[in-house]
Amino acid sequence: MDEGVPSPLPPKVAGWFRARGWVPHPHQLAMVEAAVAGDSALLIAPTGGGKTLAGFLPSLIELAERPREGLHTLYISPLKALAVDIQRNLEEPVAEMRLPIRTETRTGDTPESKRRRQRAHPPQILMTTPESLALLLSYADAEKIFRHLRCVIVDELHALAGTKRGDLLALGLARLGRLASGARRVGLSATVAEPDQLLAWLSKTGRAESGDVRLVTGRAGASAEVEILETRERLPWAGHRAAHALGEVYERIRGHRTTLVFVNTRAQAEMVFQELWRINEDGLPIALHHGSLAAEQRRKVEAAMAAGKLRAVVATSSLDLGIDWAAVDLVVQIGAPKGASRLVQRIGRANHRLDEPSRALLVPTNRFEVLECRAAVDAVRAMSLDGERPRPGGLDVLAQHMLGMACAEPFLADELYEEVVSAAPYAGLGRDEFDDVLDFVATGGYALGAYERFRRLVVREDGRMAVAGPAVARQYRMNVGTITQEAMLRVRMNRGPVLGEVEEYFIQGLTPGDTFVFAGQLLKFLGVREMEAQVAKGGQGEPKVPAYAGGRLPLTSALAERVRAMIADPGCWDGLPEDVREWLRLQRWRSVLPERDGLLVETFPRGGKRFLVAYAFEGRNAHQTLGMLLTRRMERMGLGPLGFVATDYVLAVWSLRSPKNMDALFDQDMLGDDLEAWMDESSMLRRTFRNVALITGVIDRRHPGQEKTGRQVTFSSDLIYDVLRKHDPGHVLLRATRADAAGGLTDVRRLSDLLARVKGRITHKELERISPLAVPVILEIGREKVDGSATDELLEQAANELVAEAMPEFGDGGLFN
Amino acid sequence: MVGSSIEFRGAALRLDASGALWWPGERTLVVADLHLEKGSAFAARGRMLPPYDTRATLDRLARLVERVSPERVLCLGDSFHDRRAAGRMEAGDVERLLGLTERVADWVWVTGNHDPEPPEGFGGRVVEEMVLGPLVFRHEAVKGAVGEVSGHLHPAAAVLVPGRRVRERCFAFDGGKLILPAFGAFTGGLNVLSPAVAGMLAPRFEVHLLARGKVHRFPSGRLSPD
């Protein structure tokens, strides 16, 4: 800081920085200036830039200069653990500056007595989660608690905005805006593609244009050094095991202080971990961390990591948020990162000193992933991150919020509507839609107006809506929150410790005696007892069931576009490994290259069936939906469709007869009746409906004294779904379900973008045999056939046969050896 | 009828994919656990389940009656979800039910624990149990009784087929007892391997699983617990 410029920091705070030997970052000072002006602010900065302190600094200054009682600053984090962490970190400066500030956390783990005390005597700074805030706001004393609030800090905003938890929080902020109109809002975010969306999210008007939020950008760290592993081994055609490259990854681990090895799924984590230990000749301390492991085990790993006792951790996104790992000097990403923003955030886990570049190594597990990794690195270099269009806020979340607001105090529908549309996710919400949701909350909103007499909300004489009784409020508080998850079963070592949890559906597919990999060991499934999966050590050999799926994110649109552009333009192939260039050259020769903005569809005979391969590059979910719709249509055309398989890049359909008219087959009108008919039947809609039913409290999360198992819930929500679909197809619960599915599991939005983009630009190539580019997806079919128990050897064998078929002139795969 | 056949103490019975039992020899149709007005019972406690379960259940029953033209319909208890169910029923649904009971010569309400006194005014007669030829029909199975047809337990069974697990409602039959699945639209199922159901049956029994409009028969040894 120049001596001549007056510091916005008061002497006590400036002195503290000096005592620590720190100079305030410019973005920290900018945050203080925004606060002095009374403005809200969005701080976008890489991890490690003193971001959290920047968020709290203005509050510390204000409270240092004008000590006061009552809640001054509310901090909201997506993770309970993070809230606790931040509270501990903040205690330090508060104690060292001897500030008259009490800081406390309030989460689901806070004991009831403390919660009551917090409501009566709130601390000056309270750290909490979106769910705990929603609960606080549902009490009649909410106004008393929040009246004097000066500042709300939302941490990891990029991870909250655009999710249902973000919707819930946005509605909570809208209510805070009414209770404490003077409170500023502060958002802390990692680097994102569209800051405007976050500005709108923070704005009290729900719109970025209103300009009531200052954008503060932290200094970018030294640019990351990202490298794609050029393996000495042969690049696999398909699969996600990366077994070929783990020897090279191990060498890198040996050459660094601490390495974070990120993978995309928990199954991958288990396999990579096992394989690394198999080749771990030096006995390096390598640990495993993923969301299904027992919390205790995860904490052990985190503690060992913080103490610098580990050389490597194999982790899924369970380590994406929060905790700072200063010692990490290399991040390895196994498998394509699926999105540029995700890659940036993961790279950011290394070297949290801004003056040193982060180091990252990408390890593609197959050929398409080489292209995707290259595209991701290009995107990161060009600082072009993936911006997804913001989705409108969930109607189920709105329903939950309305009930909470009625619990707090009777409201006028007009006023609540104004408040709700000031939250960005609901800025476009029409009054009709709002009224439908309100009607649902009040009476169920069924076309058969049967529940008038069971109203949950009653209209008082002054026109305000109030809860019908204390039971309604009790029920609301039991069901608050938007986190719904697959039913999980605990995994217990026979008469031993709990190893963690896995999805119930995975366990359901096992027969006693099956072996699978979990928590880094080979386990034998013994059976389910008392709602726990009992297992024993499984001995040696290959697991019979290759661990469990789950946690897969689809490729983002922005990255997909780059991959398409790269394939279409041979001028871009220079940096690619020779295996991949050869593969693309052969594709151009044997068929054609997919165009950047068009759609290449190949058809060819194989094994007595007709195959259709569409190079759509829109992500697995959208391809899955497209596959369902195409096969329905082909059925009607009498083509005898037999099956399909979708990857992130390609869709393959096989049938008895070949379709001829691709324009007709891919016509946009498939998004009409066919889509509706299919969606209503699909199990994805049922799963989505279950979440909507849980969030809206149509089915309870839990009953006092009677814990329902996840399956019973699934079962009864299916019954409700079937009845509702038949008798009230336009009901708001079904509308909420379809809207969710359109952006989520079925990804209809991307599918409709695709169909619009390729209209009139479909290239149909009729081939005599499989093309080189089609080999990976056809291998996936092989994988399905052997019921998921395919080993890499089996795959490899199949690959050689296919390659020989696609490129006979090269003999039996000789080209690639 | 889509279903499977069993012989039970000399009676030839059809187990229908809808979950109903059809005894052609007696021209008798048996359904268990309709739980009419279960949805509104939840709504009265603040959980806004759709109000269409009664309609859905009665429509399915009406289609069955249409199909087989029974002389007798036996509702095997828990036909009404609770004592106040009739008072909550929509006028249209009342009409539906009256239309049904009028069409059948002998409509019989067997009492259940949810409806020890089924509401009056819907026609039909009320019995605690009923003996027809070699068989006795009651709501709750009695330990040791044979030749007994009951409901109450809402049996369901799960089987593992390659790649996935199927769990559906089922009939459970051990040669001495036949337990019917619940017929109501909002009635869930209890696994037949759980002590409450298995304890009523012989060590080895069979189930007739209702899946995708068909009935599949499995021995108890093939079933999977929850």
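Since every read-out is calculated from the coordinates, none of them should be taken as a lab result. What you see is a predicted model; the values in this text were computed from it and never measured. All Cβ positions, even for glycine, are placed from backbone atoms using ideal geometry, and neighbour counts span all protein chains on display.
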Overall Cα dimensions of chain A, principal axis frame, Å, largest first:
82, 69, 59
Cut-off 10 Å between beta-carbons: net charge of the residues surrounding residue B:170, Lys and Arg +1, Asp and Glu -1
+1
I'd like the FRET efficiency for residue A:460 and residue A:432, computed as 1/(1 + (r/R0)^6) with the beta carbon distance as r and R0 of 22 Å, rounded to 0.05.
0.40
Once you compute Rg and the Kirkwood Rh from C-alpha atoms, what is the Rg to Rh ratio for the stretch A:11-217?
0.93
How charged is the neighbourhood of residue B:82? Take every other residue with its Cβ under 14 Å from the Cβ of residue B:82, and add Lys/Arg as +1 and Asp/Glu as -1.
-1
Quick one: which residues, 5+ away or cross-chain, put their amide H under 5 Å from the amide H of residue A:228? H built at 1.01 Å from N.
A:362
Residues whose modelled amide H sits under 5 Å from the amide H of residue B:217, counting only those 5 or more places away in sequence or on another chain, are B:209
Work the Kirkwood hydrodynamic radius out for the stretch B:3-224: mean of 1/r over every pair of different alpha-carbon atoms, inverted, in Å.
17.5
Which of the lysines could a cross-linker bridge to residue A:309, judged by Cα under 24 Å and excluding same-chain residues fewer than eight apart?
A:300
Show which aspartates and glutamates lie in cross-link reach of residue A:660 when reach means a straight Cα distance below 17 angstrom and same-chain residues fewer than eight apart are skipped.
A:602, A:635, A:766, A:768
If you take every DSSP beta bridge fully contained in the protein assembly as shown, what fraction is antiparallel? Give it as a percent rounded to 5.
50
Applying the Karplus parametrisation 6.51 cos²θ - 1.76 cosθ + 1.60 with θ = phi - 60° to the phi angles of the stretch A:567-577, what ³J(HN,Hα) value in whole Hz is obtained for each residue in order, glycine and proline being reported as x?
5, 5, 10, x, x, 8, 7, 3, x, 7, x
Taking 0.36 nm per intervening residue step and subtracting the Cα-Cα distance, what contour gain separates residue A:225 from residue A:761 on full extension?
189.1 nm
Helix-only CD estimate at 222 nm, as mean residue ellipticity for the protein assembly as shown, using -39500 (n - 2.57) per DSSP H run (n ≥ 4):
-11000 deg cm²/dmol
Taking Cα centroids, how far is the stretch B:86-164 from the stretch A:131-172 in Å?
50
Relative to the longest principal axis of chain A, what angle (0 to 90°, nearest 10) does the C-alpha long axis of helix A:266-278 take?
70
Checking the table A:524/B:38; A:338/A:537; B:38/B:143; A:164/A:765; A:144/A:204 against a 31 Å threshold on Cα-Cα, which pairs fail?
A:524/B:38; A:338/A:537; A:164/A:765
What does the extension gain come out to for residue A:148 and residue A:381, with contour length at 0.36 nm per residue minus their alpha carbon separation?
79.4 nm
Helix A:710-727 axis, angle to chain A major axis (alpha carbon atoms, nearest 10°):
90
List the residues, sorted by chain then number, that are 5 or more residues from residue A:765 or on another chain and whose placed amide H is less than 5 Å from its amide H.
A:601, A:602, A:603
C-alpha long axis of helix B:53-68 to longest principal axis of chain B, angle in °
70
Proximal charge balance of residue A:27 [Cβ under 13 Å; K/R count +1, D/E count -1]
+2
For the pair residue B:214 and residue B:128, what calculated FRET efficiency results from E = 1/(1 + (r/R0)^6), where r is the Cβ-Cβ distance and R0 = 35 Å, to the nearest 0.05?
0.55
